[in-house]
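The values are calculated or read from the model by the stated rules, or taken from the named source; none is laboratory data. Values in this document were obtained by computation on a predicted structure and should not be read as measured data. Because the Cβ atoms are built from the backbone with ideal geometry, glycine has one as well, and the counts that use them run over all protein chains shown.
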Amino acid sequence: MIVSELTTNSVKTGCQTRMVVAVRRPTDQIIRIIVGDGSRSMPAMVDAGPDRTSGRGLAIVHRLTRGRWGVTLLPLGKIVHADLAVAEPPS
Ligand SMILES: Nc1ncnc2c1ncn2[C@@H]1O[C@H](COP(=O)(O)OP(=O)(O)O)[C@@H](O)[C@H]1O
Ligand SMILES: [Mg+2]
């Protein structure tokens, strides 16, 4: 769901130059989803009212990651990352 929401957002920017999707493991505890695009427009959570059919994607990402997502602005675009906590193995 996170990959779907972030890639859809990148497509909607109209930036046709590039998109990068990656999954990384920066630490044992974190799985990091990364979606980069060639637009320097910034993602921003919006307050979608009950009747709106859009505007909930980043709120979903925010909820699923417990707020652990962010944006890194680059000279020719940006990278949006979303971190998922790896479940502790049962003891
Ligand atoms: N990758 C992106 N590049 C530029 N703007 C973005 C990007 N992702 C999100 N946004 C901005 O943040 C807004 C909210 O995104 P989202 O919560 O996914 O709602 P929606 O995509 O339905 O508009 C978008 O309408 C857009 O203005
Ligand atoms: Mg969206």
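Output the number of residues of the stretch 48-80 satisfying the condition of being modelled with pLDDT of 95 or more and touching a Gly at 6+ places or on another chain (Cβ under 6 Å).
Qualifying residue count, the stretch 48-80: 1.
For the subset of the stretch 26-51 comprising residues that are closer than 15 Å to V80 by Cα and charged (D, E, K, R), which member is nearest to the chain's Cα centre (by Cα)?
Filtering the stretch 26-51 for residues that are closer than 15 Å to V80 by Cα and charged (D, E, K, R), the one nearest to the chain's Cα centre (by Cα) comes out as R32.
Output the number of the condition that V3 fails; it satisfies all remaining conditions of (1) part of a helix (DSSP H, G or I); (2) near ligand 1 (Cβ under 8 Å from one of its atoms).
For V3, the exception is condition (2).
So, in the stretch 12-40, exactly how many residues are surrounded by 12 or more Cβ atoms within 10 Å (Cβ to Cβ), within 16 Å of ligand 2 (Cβ to nearest atom) and free of Cβ contacts under 8 Å to residues at least 40 places away in the same chain?
5
Here are G67, G36: which of them is among the small types (G, A, S) and either at positive phi or touching a Phe, Trp or Tyr at 6+ places or on another chain (Cβ under 7 Å) (or both)?
G67
Inspect the stretch 58-72 for any residue being among the aliphatic types (A, V, I, L, M) and either away from ligand 1 (no atom under 12 Å from the Cβ) or exposed (fewer than 11 other Cβ atoms within 10 Å of the Cβ) (or both) and give the result as yes or no.
Yes; the residues of the stretch 58-72 include at least one that is among the aliphatic types (A, V, I, L, M) and either away from ligand 1 (no atom under 12 Å from the Cβ) or exposed (fewer than 11 other Cβ atoms within 10 Å of the Cβ) (or both).
Taking the stretch 72-87 as the search range and keeping residues that are over 9 Å from the mean Cα position of the chain (by Cα) and in contact (Cβ under 8 Å) with a residue 60 or more places away in the chain, which one is nearest to S4 (Cα to Cα)?
Ranking the candidates gives L84 first.
In the list T17, T65, which residue meets the criterion of being more than 10 Å from the chain's Cα centre (by Cα) and of a type in the set (S, T, Y)?
T17
Out of the residues in the stretch 42-57 meeting the condition of being of a type in the set (G, A, S) and surrounded by 13 or more Cβ atoms within 10 Å (Cβ to Cβ), tell me which one is farthest from S4 (Cα to Cα).
Applying the filter and picking the extreme gives A48.
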